[in-house]
1. Answer yes or no: is there a residue in segment 274-283 that is buried (at least 18 other Cβ atoms within 10 Å of the Cβ), closer than 29 Å to LEU198 by Cα and either among the acidic types (Asp, Glu) or within 29 Å of the chain's Cα centre (by Cα) (or both).
2. Would it be correct to say that ILE115 is among the aliphatic types (A, V, I, L, M) and modelled with pLDDT of 85 or more?
3. Is it true that SER232 is closer than 26 Å to ARG168 by Cβ and either assigned to a helix (DSSP H, G or I) or free of Cβ contacts under 8 Å to residues at least 24 places away in the same chain (or both)?
4. In segment 87-102, which residue that is surrounded by 13 or more Cβ atoms within 10 Å (Cβ to Cβ) and modelled with pLDDT under 80 is nearest to LEU45 (Cα to Cα)?
5. Which one of ALA209, ALA247, ALA252 is modelled with pLDDT under 85, crowded, with 19+ Cβ neighbours inside 10 Å and small (Gly, Ala, Ser)?
6. Out of segment 71-83, which residues are surrounded by fewer than 12 Cβ atoms within 10 Å (Cβ to Cβ) and free of Cβ contacts under 8 Å to residues at least 12 places away in the same chain?
Amino acid sequence: MILAYGVYRVFFVYAHIDGFGKRTSLPALTEDAGFPADVVRLSGLLSWGISGAVFFLVFVGAAAILSYIFLAAASQRSGRSNMVLVGSLIAILAGVVWTAIGSNPFAVDSLNSLILESLELMNIDMGRELFNAFTPMMLGITVLMAFACMSVLLLDGGEDTDSAQSLRHQVRRVNTILFTGAILLVVGIVHANAVHHLPDVFLRDDDLATWKSLVTSLSASTGAVWTMILISIYLPSIAVLRFRAHAVAKVALMGNEAETVSGWFAEHGLSVGFPQQLAQLAALISPFIVGGPASPLLGLLGG
């Protein structure tokens, strides 16, 4: 995950994307009056409010599920290693959240003034605070996902046939982490898209088309980044478990407890059918799909 984020930041910085807006004059916001403008404003508020409420509820649920998986796996190890892992999670989580407050490492900060000014013009109470809390919440869940996977992987059941049940339990936990994280990231992208469409009602027609095009590009790039991070968390974790399962299967073959590796996998519930593979693939690329190809549909909801 760190490697994926680091590679993205290198391209982000060297392409001078983070400097956009410093040499560009941003459009001015105007308070248009009249029924059509009020309808557009109400539509934006409804989209922001509904997506924000869903995002907050999903965030609470995801945090609870991931914390449970992490703590349940951590409790099965010795006290010292357990304390080190929990302490590392708290320290990294606090550091990531602290550095992300008021700044978005996945966006162009110079454009935030338009959104913050729109929140003020719409008289949204706590709008600035909620806007600044969004990125720490997303990054916090990402850290929880990584540590939950790490905690599950540290439960090494050995290489005997009795470890098949433990492996099956670990695979289920990692898949639960994947789907939990994917749902939160998708809902987060939907809410972020609604937030970025709040200025629509205040922009003149010539600026509005350009702004919507920019929001679509930002949404696609954000979805791609979150998909890359999701893949960097899930694929190494599931690969480790598959390697362990193959090792156990080979031991079973040597002991004449199974005829083939695939047969042993099927017997112990470790085979992955096409529907499961399709569901896992859909979860992995869902942030990119929602942020990219599906972003025009989200634009209809926001503006």
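1. yes
2. Details: among the aliphatic types (A, V, I, L, M): yes; modelled with pLDDT of 85 or more: no.
Here the answer is no, as ILE115 does not meet what is asked.
3. When the stated conditions are applied, SER232 passes them.
4. Within segment 87-102, the subset surrounded by 13 or more Cβ atoms within 10 Å (Cβ to Cβ) is 89, 92-93, 96-97, 99-100, 102.
In the following step, the residues that additionally are modelled with pLDDT under 80 were identified as 96-97, 99-100, 102.
On the way: VAL96: 30, VAL97: 27, THR99: 29, ALA100: 25, GLY102: 22 Å.
Among those residues, the one meeting the criterion is GLY102.
5. Checking each option against the conditions leaves just ALA252.
6. SER75, SER78, GLY79, ARG80
The values are calculated or read from the model by the stated rules, or taken from the named source; none is laboratory data. These numbers were taken from a predicted model, which means no experiment stands behind them. Methodologically, a virtual Cβ is constructed for each residue, glycine included, from the backbone with ideal geometry; neighbour enumeration extends over all protein chains shown.
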